[in-house]
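*Asks:* Just dropping this structure here.
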Amino acid sequence: MLARTGKDVAEPTGLASSSKRRRDRETLMDHRPARLAPGLYFVATPIGTARDITLRALDVLASADVLAAEDTRTLRKLMEIHAVPAGDRPIIAYHEHNGPKVRPRLLAMLAEGKSVAYASEAGTPLVSDPGFVLAREAIAAGADVTAAPGPSAVMAALTVAGLPTDRFFFAGFAPAAQGARRSYLESLVAVPGTLVFFESPKRVGKLLTDMAEVLGGTRQAAVCRELTKKFEETRRGTLQDLAAQYAGTPPRGEVVVLVDRAGAEAAASDDEIAAALRDHMAEGSLKDAVAAVSAAYGRPRKAVYQMALALAKGD
């Protein structure tokens with residue numbers, strides 16, 4: 001998930017700040033909603049700036065019988081910033097490593113008629129976090145499942161990238177191993193929408209290089225870094241240009257990579273692809289020809305390579 005909540009928000013200190021927090025807490029409690037109806041509530045939390053949380057999310061956090069979080073320290077800090085007291089309510093860690101052990105406990109609480117609020121470390125639950133299995137099992141058990149929507153790195157990146165948003169596909173994290181990563185990218189070549197990826201800053205350069213070769217170097221793309229935070233940055237350009245910018249220079253912070261859908265060049269016929277391969281192979285090596293044609297036409301590198309081999313054999 002993205003960045004720890006509240007990282008870029010300065011917290012007040014001293015007596016004045018203590019008094020202000022007390023007044024804020026009293027104001028919040030004066031408007032605290034009645035006890036939540038039994039059920040599971042998924043709470044979206046800020047991806048960087050703590051003030052991005054919604055009023056409804058604060059209401060849910062203030063009123064749920066049980067609080068669960070991907071990272072309890074992050075949730076406690078967020079609640080402290082917004083003067084939401086935990087009181088004697090349990091705050092239960094629920095993440096990918098302890099899910100099988102903790103889920104039955106949360107489901108039992110739901111069966112007892114309690115309201116359970118689950119918050120991801122940052123962003124919207126179920127987007128690249130362990131909330132999906134919890135939601136599925138809660139639904140299967142007959143519990144009500146409700147969302148308190150809010151911040152999302154996917155939506156924030158789509159907003160600022162300058163790429164089409166009428167259709168998009170969230171591809172999550174690509175595999176770390178190069179072979180698996182390229183195969184994964186090949187499966188996405190023809191997706192008719194903007195592709196959205198999360199990626200570790202250490203692997204962004206490698207991902208962009210593989211994208212340029214597999215998806216096509218001329219595709220427009222954007223790399224969004226540190227969304228909503230002090231050093232937020234978005235770089236836009238072709239995959240080939242962005243790959244060159246990040247080659248050997250990993251960015252800092254959390255990263256979202258977006259890639260435009262394939263253009264008209266991807267719809268070229270096999271005959272056109274074969275003709276382009278012949279031209280390139282006449283001037284250079286088969287390997288260079290495959291790289292150039294797959295990049296120019298947005299075709300999977302593996303498919304272009306097989307076509308080039310057949311042409312070389314005279315098939």
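The values are calculated or read from the model by the stated rules, or taken from the named source; none is laboratory data. This structure is a prediction, so every number in the text was calculated from the model and none was measured. Note that each Cβ is placed from the backbone with ideal geometry, even for glycine, and that neighbours are counted across all protein chains shown. Quick note on the areas: whole protein, heavy atoms, side chains included, nothing else; ligands and nucleic acids left out. Shrake-Rupley method; radii C 1.70, N 1.55, O 1.52, S 1.80 Å.
*Asks:* I want to check a number: in the chain, how many lysine pairs have alpha carbons closer than 21 Å, given a sequence separation of 8 or more or different chains?
*Replies:* 16
*Asks:* Roughly how many nanometres apart are two label points built 7 Å out from the Cα toward the Cβ at residue 93 and residue 165?
*Replies:* 3.7 nm
*Asks:* Can you give the charge dipole size of segment 174-315 about its Cα centre, rounded to the nearest 20 debye, using +1 on the beta carbon of Lys and Arg and -1 on the beta carbon of Asp and Glu?
*Replies:* Computed charge dipole of segment 174-315: roughly 640 debye.
*Asks:* Connecting C-alpha atoms closer than 10 Å in a GNM of the chain, tell me which of 302, 101, 206 has the biggest fluctuation.
*Replies:* 101
*Asks:* On to the next question. For the chain, with equal point scatterers placed on the C-alpha atoms only and solvent neglected, what are the log10 I(q)/I(0) values from the Debye formula at q = 0.06, 0.16 1/Å, to two decimals?
*Replies:* -0.28, -1.21
*Asks:* Considering the alpha-carbon set of segment 187-233 alone, what are its Rg and its Dmax in angstrom?
*Replies:* 12.1, 36
*Asks:* Something else now. Tell me the Rg and the Dmax, in Å, that the Cα atoms of segment 136-290 produce.
*Replies:* 18.2, 66
*Asks:* Just to confirm, what accessible area per residue do you get for segment 199-262 at 1.4 Å probe, in whole Å²?
*Replies:* That works out to 42 Å² per residue.
*Asks:* Related question: Thinking of segment 86-144 as a set of Cα atoms, what percent of all their pairs are more than 19 Å apart?
*Replies:* Every Cα pair in segment 86-144 considered, those over 19 Å come to 27 percent.
*Asks:* I want to verify the translational diffusion coefficient of segment 151-226 in µm²/s; compute it with Stokes-Einstein, Rh as the Kirkwood radius over Cα pairs, at 10 °C and 1.306 mPa s.
*Replies:* 123 µm²/s
*Asks:* Let me ask another. First compute the accessible area of segment 207-307 with a 1.4 Å probe, then give the percent of it belonging to carbon and sulfur atoms.
*Replies:* The nonpolar share, carbon plus sulfur, comes to 49 percent.
*Asks:* Tell me, what is the percent relative contact order of the chain, built from C-alpha pairs under 8 Å that lie six or more residues apart?
*Replies:* Averaging sequence separation for qualifying contacts and normalising by length gives 17 percent for the chain.
*Asks:* Could the peptides 132-145, 249-262 be put in order, highest first, of the mean number of other beta-carbon atoms found within 10 Å of their residues?
*Replies:* Put in order of decreasing packing, that is 249-262, 132-145.
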